[in-house]
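Bear in mind that the values in this text are calculations on the coordinates, not laboratory data. Small disclaimer: the values here were computed from a predicted structure and weren't measured. Quick reminder, even Gly has a Cβ in these numbers, built from the backbone with ideal geometry, and neighbours come from all protein chains shown.
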Amino acid sequence: MKHPGENTIVAFVEGRLSAAEATAFDAHVDICESCRSLVVAAVRASLTTGGAEDEAVVAPASGPEPLERGVRFGRYTLLDVLGRGGMGVVYAAHDSVLERKVALKVLRGELAARIGVDLASARLVREARIAARLSHPNVVTIYDVNSHDGQIFIAMEYVDGRPLCTWLDEGPHPADAILERFVQAGRGLAAAHAVGLVHRDFKPANVLVGLDGRVRVTDFGLAGWTSEDASGEGPAGGCSSSSRVSRTGGLMGTPLYMAPEQHRGERAGPLADQFSFGVALHEALYRRGAFEGNSLEELAASKARGPAQPPVGGGVPERVRRALLRALRPRREERFASMEALLAELSPNQAVPWRRVRLGVGVLALLSLGALGALTLGTSPSQVCAGGERRLAGVWDDERERAMLDAFLATGAPFARDAARMSAALLDGYTRAWVEARRDACEATQVRREQLEAHQALRMMCLDERLEEVRALGTFFTRADPGVVEHAVEAARALPPLSLCSDLRALSAKVPPPTDPAVRAKVEALGVKAAEVHALVQAGKPREALEVVRGVREEARATGYQPLEARLGVLQGDAEAFLGEEKAAEKTLREAVLAAEAGRDDVTAARAWTKLVHIVGRRLSRFDEALALGKHAHAAIVRLGNAELEMARLLSIRGGVLWAKGDYQEALKDAREALAIHRRLLPEDHPDLAQSLSEVAITSLGLSLYEEARAHHERALAIFETVFGPRHPKVAISLFNLGVVLQLEEKYEEAAARYRRALEIMEQAGLGEHPVVARILMALGTEENRRGDDARAFRVYDRARALAEKLHGPEHPDVAKALVQLGQVLSRMGRRDEALAALHRARAITEKALGPEHPDHGIVLAELGNLLALQKRYAAAKQLVERAIAIHTEALGPEHVAVSDDLDILGRILFMEGRHADALAAYQKALAVYEQSFEPDSAYKAGILLHIAEALIGLRRYAEALTVAERALAAQEKEWGPEHSSLASSLDVIGVAAFHLGRFERALPSLERAVKLRETGGNKEALVRARSYLARARAGGGRSMGHDSPSP
């Protein structure tokens, strides 16, 4: 294996590599010292709360006393101590973001100090993060692995219950009750093994039995954090059986339960967990250990010999006895191939399906059910719940997939084959999961007897709705046009989560469907229509969707079934928003919220509230109102319970509103929190993760965090190219975003290459009038501007303005941005009246659309002030620029580049008024910020250096002026080359300063170059002035220039 790149190392640390990739990576770092160091460093760097201000992890000294109630760990507030042990202290805590109770394990200081020191601890952090991506009813969910003020913590699901060992100590219990709890725990282990996670320390103390009867395995991957027995960390006291032999040395696991290979110091795998499970189950069933030994050596020798024959009988089935003997064999290859295989042996071979019959049922009723009952009683559990695969026929099967591919390729879209491949893979995965979910919903009632029949019916109805969504989407895929192909992958990913069909609390809370058969049939038929509307919206056909949904929604309202009405309302709002009908969408979504709350449909209510935040905040620019709506959305999501992805969606949208409002600091907090959730819960190639990365990057730009922005955009681009293919419009948008960062970092050629590729993709896809094209054109105009071609820049900017007006209307902020750029170019071309008109129009747009305190409005005011100063309207110019400084200081902070840009303009106004000392002070204050934001030889910084040189000439400090101006010229020539028209101003200043110093041999060539460059530009006034200086220099005429200096 070659040395892994930075992205691979980060993916390993975050637990996002596949099991096979992680195994290969592990093998490599075992033999590569430099890679081991990088992994350890990456883990250390990753343990922060996500803010730029966070320090590296430095564990404080750990004291014997627990922390006080009310102490904050980021978003978590400590409540009560639940227990303590070798790893640290476990607290009950409150999660202020999701408004839920959690268990927070705070590591002891000496354990935290290991992080960033050795590879073993780095692997443990990685495995804890893999566990955080595991969602299973028999596993304690890990929400977060992070640090706060140098203390590492693990936030976990709070389980109201007790350890399995405590329950066992309260026995004896019947064998079937013990088996039932252990089989649940075994399912948790099997789920972990499926994602490449090994427990290493399975024992009854690491299994919790909730008050609801559900069994959950905890502390995955954490066995090696401590060399002490951690069995005392449960909510109740310790367990008598787990400490007979203490841990020693570098072994990972409690020795009593360790597999022979662990005693030998070998890396534990899933079969070691199986052995530990067998030891614990043997001890629970027979109330004695499977192995004997009063020391670690004796215990290891006993295991190497194999287990003693457990007693026959005692209520333990023979099949269980045989299974235990096999699971406890010393050689790994002689055990069961997997936990699933062991669990199959432990479970009964036959189970009578759970049916409830009311007492007093008449003979006639029993006879009418006789045939069905005979069939059910004679059917095996696997047959009772089989048949899900057959339901996919005609919905999603090989024939439909072939028809989809043919339809996609027929559109001629350059990304059609990639879109078909990815969409098919997504539908394959979704339908496989649907079959499994349907089987589980059935078996929970008919086989495992842990669920009411009414609950099975609710789950099945939910799954039937999901299948209709697949059917409808598949139908549109087989009739695809270019628009459907463009949105296909996103549409497939937008299928409703199947997990909601397992949420009995939400399903039971919803108002039940009508009992009247006719009305119920109508509701079911309208549900099919709703699935078709959803497919239309997601496939990029909002107009067709709107035509269907308006009529269907009225029919749904007539049935009186509010959940369906709410669902259709959200779909109608989506279609209206897609078509730019924001006010109609707002009205529809508000109605959907009311219907969802009346129908107790918490899921739809939360989504409707969240969508309202987006419409009101981003589309209608009513920022404060949107943030108030966000509080309703937050409450609705909290009501849902464990809905972190819904919360991430809200955080992303709320962050977007804050960004649009100009509150970049708060926007970045929300964007980072959403990204943290997505990283924890989504696969590394999920487009929602890429979108979240992009949102953090865009928000970071507002705070001049260019390096962070570029890294996130590059990762997002890689994901989009993997998911959608290299010629998809999503890739073009990501390329544009990356280009913006590169341009701000003054990597102009790299930026221009990204812009051109983005424009090519959009045009080849037939999307030359897409909104992002207007922004790409703006960026390309800036590139022409940088090259000094004002005429070409003007044409590109004006094309961008026209397209923005066509797409968004004449009063959209994107139009204002184009007008600002046009104003700058027109001013340089000497067309100042036209420039003034463009800037006045931009000012009116931003003030109305964004508000008078928005940073973008401040930019317009500063540019307008600059232009008024050129017309010698100094008082009005200063008033505008000082207002811009106040806006940007309040919104962005005094050290932001936007404030420095404003100070630069203010300095120019003061200079033109003849107040050279005041101008110099303003310039130097601006330069101090530029020095922190740009490289020493930055061409962007050269502008302020040039202005400082001009002010120094005005103050007769010619030698200083010459030095500063030559520094500015060197930076500009390095970036732009010797023939760029913008060099003329620097050459003017050098010529004037050299002239006053009597250094005519330096003045003449500079002024000659300045005149030559100005002859190709549009600024006639500057050309006349440069020629005048040149004539005086050639004449070598005394000091006749007085104290003149080049005008800005």
Checklist entry - For ARG267 and THR963 in one chain, what is 0.36 nm times their gap in residues minus the Cα-Cα distance, to one decimal in nm? => result 244.0 nm
Checklist entry - Order of 271-280, 675-684 by packing, highest average Cβ count within 10 Å first? => result 271-280, 675-684
Checklist entry - Once amide H atoms are placed 1.01 Å from N in the peptide plane, what residues at a sequence separation of 5 or more from GLY88, or on another chain, have their amide H within under 5 Å of its amide H? => result ARG108
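What does the net charge come to around ALA545 if you take all other residues with beta carbon closer than 10 Å to its beta carbon, with K and R at +1 and D and E at -1?
Charge balance near ALA545 sits at -2.
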Checklist entry - What dipole magnitude, in Debye to the nearest 20, does the stretch 728-773 give about its Cα centre under +1 on Lys/Arg Cβ and -1 on Asp/Glu Cβ? => result 140
Next on the checklist: Test of understanding: what is the full-extension gain from GLU834 to GLU882, defined as 0.36 nm times their sequence separation minus their Cα-Cα distance?
Outcome noted: 14.9 nm
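If packing is taken as the average count of other Cβ atoms within 10 Å, what order do 157-166, 547-556 fall into, highest mean first? Don't skip to the answer; put the middle values down first.
Values: 157-166: 20.9, 547-556: 18.7.
Ranking, from highest mean packing down: 157-166, 547-556.
Given R₀ = 25 Å, FRET efficiency for ALA454-ASP160 by Cβ-Cβ distance, to 0.05?
Details: r = 25 Å, r/R0 = 0.99.
After rounding, the FRET efficiency stands at 0.50.
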Checklist outcome for this item: Total charge of the residues flanking GLY641 in space, meaning their Cβ is under 13 Å from its Cβ, with Lys and Arg +1 and Asp and Glu -1, is -3
Next on the checklist: Let me spell out the model: positive unit charges on the Cβ of Lys and Arg, negative unit charges on the Cβ of Asp and Glu, origin at the Cα centre of the stretch 457-534. What dipole size does that give, in debye rounded to 20?
Outcome noted: 260
Item to check | Restraint check, LYS661/LYS925; LYS587/LYS848; LYS878/LYS1012; LYS669/LYS848; LYS529/LYS806; LYS541/LYS848, Cα-Cα greater than 25 Å | outcome: LYS661/LYS925; LYS878/LYS1012; LYS669/LYS848; LYS529/LYS806; LYS541/LYS848
Checklist outcome for this item: Here the gain from full extension of GLN932 to VAL528, 0.36 nm per residue of separation minus their alpha-carbon distance, amounts to 139.5 nm
Checklist entry - Taking Cα centroids, how far is the stretch 279-317 from the stretch 414-493 in Å? => result 47
Checklist entry - When the Kirkwood radius is taken over all Cα pairs of the stretch 994-1034, what Stokes-Einstein diffusion coefficient follows at 20 °C and 1.002 mPa s, in µm²/s? => result 210
Checklist outcome for this item: Between ARG543 and GLU292, Cβ-based FRET efficiency (R0 51 Å, step 0.05) works out to 0.10
Next on the checklist: Give me a comma-separated list of calculated 3J(HN,Hα) values for the stretch 628-636, in order, Karplus coefficients 6.51, -1.76, 1.60 applied at θ = phi - 60°, integers in Hz, x for any Gly or Pro.
Outcome noted: 5, 4, x, 5, 5, 4, 4, 4, 5
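Rounded to two decimals, what is the ratio between the C-alpha radius of gyration of the stretch 815-897 and 2.2 N^0.38 Å? Before the final figure, lay out each step's value.
Details: Rg = 12.2 Å, N = 83, 2.2 N^0.38 = 11.8 Å.
Its radius of gyration relative to the 2.2 N^0.38 Å reference: 1.03.
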Item to check | Whether the stretch 576-697 is rounded, prolate or oblate, judged on the alpha carbon gyration tensor where a/c under 1.5 counts as rounded | outcome: oblate
Item to check | Vicinal HN-Hα couplings computed from phi for the stretch 67-77 (Karplus, 6.51 cos²θ - 1.76 cosθ + 1.60; Hz; Gly/Pro x) | outcome: 6, 6, 4, x, 5, 9, 10, x, 7, 10, 10
Item to check | Net charge of neighbours whose Cβ lies under 10 Å from the Cβ of ALA765, counting Lys and Arg as +1 and Asp and Glu as -1 | outcome: -2
Checklist entry - In terms of modelled amide H atoms, which long-range or inter-chain residues lie less than 5 Å from the amide H of SER938? => result none
Item to check | Proximal aspartates and glutamates to LYS747, defined as alpha-carbon separation beneath 16 angstrom and excluding residues fewer than eight positions away on the same chain | outcome: GLU707, GLU708, GLU714, GLU783, GLU784, GLU935, ASP937, GLU973, GLU975
Checklist entry - So if we plug the beta-carbon distance of HIS173 and VAL519 into 1/(1 + (r/R0)^6) with R0 = 60 Å, what FRET efficiency do we get, rounded to 0.05? => result 0.75
